[in-house]
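Read the structure below first, then the notes.
The values are calculated or read from the model by the stated rules, or taken from the named source; none is laboratory data. Keep in mind it's a predicted model, so treat the numbers as computed, not measured. Glycine also receives a Cβ, built like all others from the backbone with ideal geometry; neighbour counts cover every protein chain displayed.
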Ligand SMILES: Cc1cc2nc3c(=O)[nH]c(=O)nc-3n(C[C@H](O)[C@H](O)[C@H](O)COP(=O)(O)O)c2cc1C
């Protein structure tokens, strides 16, 4: 280590009070995932190892660190819903991450309303302005450089239905900031809220 440069190799530990990895790769959008178990129990949980990976067809994915209820439900049913986590719903989103046993419905725990989806049996969060109905396409267990399983499962799903509150469509264009999305920073509890003040625009360069 030099005085102006901190270096570490993750396999040997970061040596810092908090692992900086997810504060650096951040803020990250939140995959707030609702599912229904094979037995019909509803489930809701946030996943910030989450992103969109493909435009056509639209494909999103999230990583389950360990085998959690969401993963098991998707294995059983092949379906899930992504719900937009917004600033007004931040505390409810946080309540939905409680490590409750499979028989507990986190919609109840978080004080949220399940709304019937159109194409999948998993419900969406009625209070959120945006939701994607998804069908699982792949579940991939992640590996380390030695080829060993790391006990983390990346679940990918095709978005087959999109719900958008009409007030977020300004002349037909989706207004990201108007939805007040929240994103996950690092540390034990850092989040960022998006407002229009952070917006700037750039055009892609042409070549030649
Ligand atoms: C903002 C936020 C992001 C989270 N991201 C993840 C994640 O990416 N992967 C994960 O396994 N757990 C993540 N968690 C923890 C899960 O939400 C938590 O383990 C939850 O109990 C899982 O619920 P389930 O067993 O009903 O699926 C996150 C929690 C919060 C609050």
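Restricting to the stretch 11-70, name every residue that is more than 10 Å from the ligand (Cβ to nearest atom), touching a helix residue (DSSP H, G or I) at 6+ places or on another chain (Cβ under 9 Å), more than 17 Å from residue 120 (Cβ to Cβ) and not in a helix (DSSP H, G or I).
Correct list: 14, 19.
Being within 19 Å of residue 163 (Cα to Cα) and near the ligand (Cβ under 9 Å from one of its atoms) is the filter here; which residues of the stretch 71-97 pass it?
Within the stretch 71-97, 85, 93 qualify.
Hey, among the residues in the stretch 157-208 that are assigned to a helix (DSSP H, G or I) and either touching a strand residue (DSSP E or B) at 6+ places or on another chain (Cβ under 8 Å) or touching a residue at least 40 places away in the same chain (Cβ under 8 Å) (or both), which one's nearest to residue 18 (Cα to Cα)?
179
Quick grid of which residues meet (1) within 23 Å of residue 33 (Cβ to Cβ); (2) in contact with a helix residue (DSSP H, G or I) (Cβ under 8 Å, 6 or more places away or on another chain):
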residue: 105; (1), (2): yes, no
residue: 138; (1), (2): yes, no
residue: 156; (1), (2): yes, no
residue: 189; (1), (2): yes, no
residue: 195; (1), (2): no, yes
residue: 201; (1), (2): no, no
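Does residue 100 meet the test of being in a loop (DSSP other than H, G, I, E, B) and either within 12 Å of the ligand (Cβ to nearest atom) or modelled with pLDDT under 95 (or both)?
For residue 100, the condition - in a loop (DSSP other than H, G, I, E, B) and either within 12 Å of the ligand (Cβ to nearest atom) or modelled with pLDDT under 95 (or both) - is met.
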